[in-house]
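Single-structure report; data block below.
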Amino acid sequence: MLKKLALCVMSVFFGVCLFLWILTGKWIADGKKPKADGTYEYAIVLGAKVNGETPSLSLQYRLEAALQYAEKYPFVKLVLSGGQGPDELISEAEAMRRYFINHGISEDRLVLEKKSSSTYENIFYSKTLLPPSNKGVTIITSDYHLARARKIAVKLGLETDVVEAETPAVVRLKLITRERLALLKTAVSPE
């Protein structure tokens, strides 16, 4: 009898885990739509680790995607969002600013948000830098990260479209697994 109960409990546990894996996978896929088409005046570029003063590979991929978008839509302003961690010599926003200046993007198109230390704070603080009449933004971040960023933006009253950046292969499995857990947490509470 005890074996049957244990087997039943394990089956339910693995069934719930499989359901949550499929559900969060669908959320990640849905987060990649709609693709940005220049509709919004502002695009928030979400920060990622800076190694000293050098963007990490994840941040580099986000910057490359954002640069392509900025060149295609020269009227779009970029909100560069990311604070400075204890092991970073400059803020993520400053690292991004330097990148865009070095790639010919005018300083007057760049808005820096340097206080955030989480995805929720990225979007919350970035929203405070936008005109009060602004109702929507483009979110530029890693492909796996878009769903959670969009869920947070919606909870903060922003419409969104997206530009997805590739995720470096060396960290893809780790980040996607971690992101699925973060998505479940965000579904319950945006912070």
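Readers should treat all values here as calculations from the given coordinates under stated rules, not as data from a laboratory. Keep in mind that this is a model prediction, so the values were computed, not measured. Cβ coordinates were reconstructed from backbone atoms using ideal geometry, including for glycine residues, and neighbour counts include every protein chain displayed.
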Check: Where both residues lie in the chain, what percent of DSSP beta bridges are antiparallel, nearest 5?
Finding: 10
Notebook entry, point to check: How far is helix 57-72 tilted, in degrees, relative to the longest principal axis of the Cα atoms in the chain, given as a value from 0 to 90 rounded to the nearest 10?
Noted result: 50
Notebook entry, point to check: At each listed q (0.13 Å⁻¹), what is the log10 of I(q)/I(0) that the Debye formula gives for the chain modelled as equal alpha-carbon point scatterers?
Noted result: -0.66
Next item on the list: Calculate the length of the line joining the C-alpha centroid of region 36-101 to that of region 141-191, in whole Å.
Entry: 16
Check: Relative to the longest principal Cα axis of the chain, at what angle does helix 119-128 sit, 0 to 90 degrees, rounded to 10?
Finding: 40
Next item on the list: Pull out the extension gain between V9 and E166, defined as 0.36 nm times the separation in residues minus the alpha carbon to alpha carbon distance; nm, one decimal.
Entry: 52.7 nm
Next item on the list: Please order V170, V188, V137, V76 by the number of other Cβ within 10 Å, starting at the fewest.
Entry: V188, V170, V76, V137
Margin query: For W21, W27, which order do you get if you count the other beta carbons within 10 Å of each Cβ and list the fewest first?
Written below: W21, W27
